[in-house]
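Quick notes on the structure that follows.
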Amino acid sequence: MDELVRLQSVAASPDGLTATAARLETLLKARGFKTSLMAAQGAPPVVFGSYNSPGAKRTVVFYAHYDGQPVTSEQWNSDPFVPVMRDGAKDVDWKNAKPPFDPEWHFFGRAAADDKNSITAFLAGFDALKAIGHKPSINIKVFWEGEEGRSSPHLAEITRSHKDELCADLWLIGDAPVHQSRAPTLYFGARGNLGLEATVYGLRRALHDGHYGNWVPNPAVMAAELIAQLRDSEGRILIPGFGDDVRPLTAEEKAAIARLPSMENDLRHEFGIGRSEGNEELTASTMRPALNIKGLRSGQVGAEAAGAIPVDAIMAMGFRLVPGQTPQGVRAKVETFLKSKGWTVVTDAPDTAARLVHPRIIRLAWRDAYPALRSDMTSPAARGVIAAANAAAGKPVTILPMMGASVHLYLFDDIMKVPVIGLPISNHDNSQHAANENLRLRNLWDAVEVYAGMMSRLNW
């Protein structure tokens with residue numbers, strides 16, 4: 001882990017991505033894997049490895065990504081590419097410390113939690129099996145990509161062009177945090193995603209709000225009104241027919257949610273919030289579509305605030321989709337709704353002629369569109385994964401029918417036509433995508449056991 005985190009595999013460092021891919025290929029070769037680098041124009045290479053185990057009847061692909069999110073170094077408490085172990089706020093000289101290590105220590109560095117931890121757990125699990133003389137019960141393939149942090153724009157192309165090499169009975173996805181209870185977790189899907197930046201246009205230039213307020217429409221107010229029409233304070237989406245296509249949860253999925261330990265009171269305290277949206281527990285709420293307001297900008301605040309009506313308001317929004325919905329269908333419903341409320345929808349900034357004719361103009365820029373996936377929790381492969389995970393953990397693991405976050409799981413399901421199941425590792429408070437990203441040591445140890453269990457016990 002220490003070595004991998006020191007490699008600067010972020011989008012802004014193409015050389016770092018290439019170096020990381022080369023190092024991962026070397027690590028696989030040293031363990032007897034046949035390897036290759038799968039390429040696409042403009043993309044960092046996918047590290048592919050295969051290991052055949054005599055007598056194995058099943059083949060499983062282990063997915064992870066080796067790239068990390070961009071960094072703003074001054075926001076970190078230490079260099080994001082020089083890993084640090086901490087006990088609370090105190091640095092630990094872990095390389096010279098004598099075992100046993102404290103499982104509550106946290107390892108800090110970019111991509112420590114998202115996603116080099118799963119690569120480390122895979123390699124350590126493979127080594128542990130070899131050390132005790134156990135051979136894998138499955139044929140193993142690995143698929144480690146390097147552009148997940150940029151929404152994997154070449155993932156579909158690479159997967160389709162190497163479909164024969166990637167042929168398998170199951171894909172296991174090493175990404176995402178475990179349940180907030182910290183228990184070893186499996187997940188069987190992820191919500192889809194649809195991004196939207198919407199710009200509400202007002203006047204051509206800012207005007208004194210004393211002379212013209214109450215008469216000239218204020219785009220900040222128009223944007224606030226629109227948000228309240230799109231969703232309420234309990235998280236319910238108010239667009240007519242928005243949820244009509246949603247695929248209901250099965251009895252097994254509902255039962256899995258009901259078995260989850262309740263963490264809501266602890267999380268409210270941890271996050272410092274006096275209420276939560278709606279009357280559901282957290283996981284149940286993430287089984288529904290969501291409309292999140294990621295940012296809202298209009299005019300200025302604080303010392304820069306002026307007594308003027310702003311010229312526009314910009315809203316960054318994100319829809320989380322669930323099975324049954326498509327990005328195209330959601331986009332159509334949103335645009336139909338806006339038009340029903342008197343908005344003129346455009347794709348470019350309006351000129352004066354358009355402003356004079358249309359009283360409510362909104363520009364929409366759609367992005368990051370892909371659907372959700374929820375795999376069958378009762379399939380033979382799913383039962384085999386659950387059994388192997390339970391045996392490795394020594395107790396029943398926590399099962400999530402679907403993650404609240406979005407991952408491109410649908411691609412593997414759509415192209416490869418086999419079950420896709422998640423093996424999350426990170427602690428829920430890992431600060432992924434942010435400063436001071438970290439991995440709790442106990443989570444890594446649990447992951448090594450689960451990965452070794454998948455390689456040695458998985459069968460169906």
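The values are calculated or read from the model by the stated rules, or taken from the named source; none is laboratory data. Not measured: the values here are computed from a predicted model. In this analysis, Cβ positions are derived from the backbone assuming ideal geometry, glycine residues included, and neighbour counts consider all displayed protein chains.
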Go through (1) free of Cβ contacts under 8 Å to residues at least 40 places away in the same chain; (2) touching a Pro at 6+ places or on another chain (Cβ under 8 Å); (3) within 15 Å of ARG191 (Cβ to Cβ) one by one and return the number of the condition HIS358 breaks. (3)
Hey, does the stretch 76-85 have a residue that's surrounded by 13 or more Cβ atoms within 10 Å (Cβ to Cβ), of a type in the set (Asp, Glu), more than 19 Å from GLU437 (Cα to Cα) and modelled with pLDDT of 95 or more? no
Only one of (1) assigned to a helix (DSSP H, G or I); (2) surrounded by 23 or more Cβ atoms within 10 Å (Cβ to Cβ); (3) not acidic (Asp, Glu) is not met by ALA128, so which one is it? (2)
Mind telling me which of the residues LYS116, LYS130, LYS163 ends up being under 23 Å from the mean Cα position of the chain (by Cα) and basic (Lys, Arg)? LYS116
Which condition breaks for HIS208 when tested against (1) touching a Pro at 6+ places or on another chain (Cβ under 9 Å); (2) outside the structural domain of ALA387 (by TED's automatic domain parsing)? (1)
Return the pairs, sorted by first residue and then second, in which the second residue is in a loop (DSSP other than H, G, I, E, B), the first residue lies in the stretch 385-397 and is over 16 Å from ASN443 (Cα atoms), the beta carbons are less than 6 Å apart, and the residues are 6+ apart or on different chains. ALA388/LEU458
Give the number of residues within the stretch 426-449 that are at pLDDT below 95 and within 21 Å of LEU172 (Cα to Cα). 1
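Is it the case that the stretch 244-257 has a residue that's surrounded by 12 or more Cβ atoms within 10 Å (Cβ to Cβ) and closer than 30 Å to GLY295 by Cα?
Yes, there is a match, as at least one residue in the stretch 244-257 is surrounded by 12 or more Cβ atoms within 10 Å (Cβ to Cβ) and closer than 30 Å to GLY295 by Cα.
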Just to check your reading of the model, which residue among PHE122, PHE143 is in the same structural domain as ALA391 (by TED's automatic domain parsing), assigned to a helix (DSSP H, G or I), modelled with pLDDT of 95 or more and touching a strand residue (DSSP E or B) at 6+ places or on another chain (Cβ under 7 Å)? PHE122
Looking at the stretch 10-22, can you tell me whether even one residue there is among the hydrophobic types (A, V, I, L, M, F, W, C) and in contact with a Lys or Arg (Cβ under 8 Å, 6 or more places away or on another chain)? yes
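Test LYS294 against the stated conditions and say whether it is assigned to a strand (DSSP E or B) and either of a type in the set (Lys, Arg) or outside the structural domain of ASN214 (by TED's automatic domain parsing) (or both). Explain how you work it out, then say what you get.
On the way: assigned to a strand (DSSP E or B): yes; either of a type in the set (Lys, Arg) or outside the structural domain of ASN214 (by TED's automatic domain parsing) (or both): yes.
Spelling it out, LYS294 is indeed assigned to a strand (DSSP E or B) and either of a type in the set (Lys, Arg) or outside the structural domain of ASN214 (by TED's automatic domain parsing) (or both).
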The number of residues in the stretch 176-185 that are under 10 Å from ILE399 (Cα atoms) and either of a type in the set (Ser, Thr, Tyr) or buried (at least 24 other Cβ atoms within 10 Å of the Cβ) (or both) is 3
Looking across the stretch 81-109 at residues that are of a type in the set (A, V, I, L, M) and in contact with a helix residue (DSSP H, G or I) (Cβ under 9 Å, 6 or more places away or on another chain), the single one that is nearest to VAL71 (Cα to Cα) is VAL82
Here is a list of conditions, (1) buried (at least 19 other Cβ atoms within 10 Å of the Cβ); (2) under 30 Å from ASP413 (Cβ atoms), and ALA316 meets all of them except one; can you say which number that is? (1)
THR20 - would you say it is assigned to a helix (DSSP H, G or I), closer than 23 Å to LYS130 by Cα and of a type in the set (Val, Ile, Thr)? no
Specify the residue that is farthest from TYR370 (Cα to Cα); the eligible residues are those in the stretch 286-307 that are surrounded by fewer than 17 Cβ atoms within 10 Å (Cβ to Cβ) and touching a residue at least 60 places away in the same chain (Cβ under 8 Å). GLY307
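Matching residues to (1) among the acidic types (Asp, Glu); (2) surrounded by 14 or more Cβ atoms within 10 Å (Cβ to Cβ); (3) under 26 Å from ALA353 (Cβ atoms):
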| position | (1), (2), (3) |
| --- | --- |
| GLY189 | no, yes, no |
| LEU194 | no, yes, no |
| ALA198 | no, yes, yes |
| GLY202 | no, yes, yes |
| LEU207 | no, yes, yes |
| TYR212 | no, yes, yes |
| LEU226 | no, yes, yes |
| SER233 | no, no, no |
| LEU238 | no, no, no |
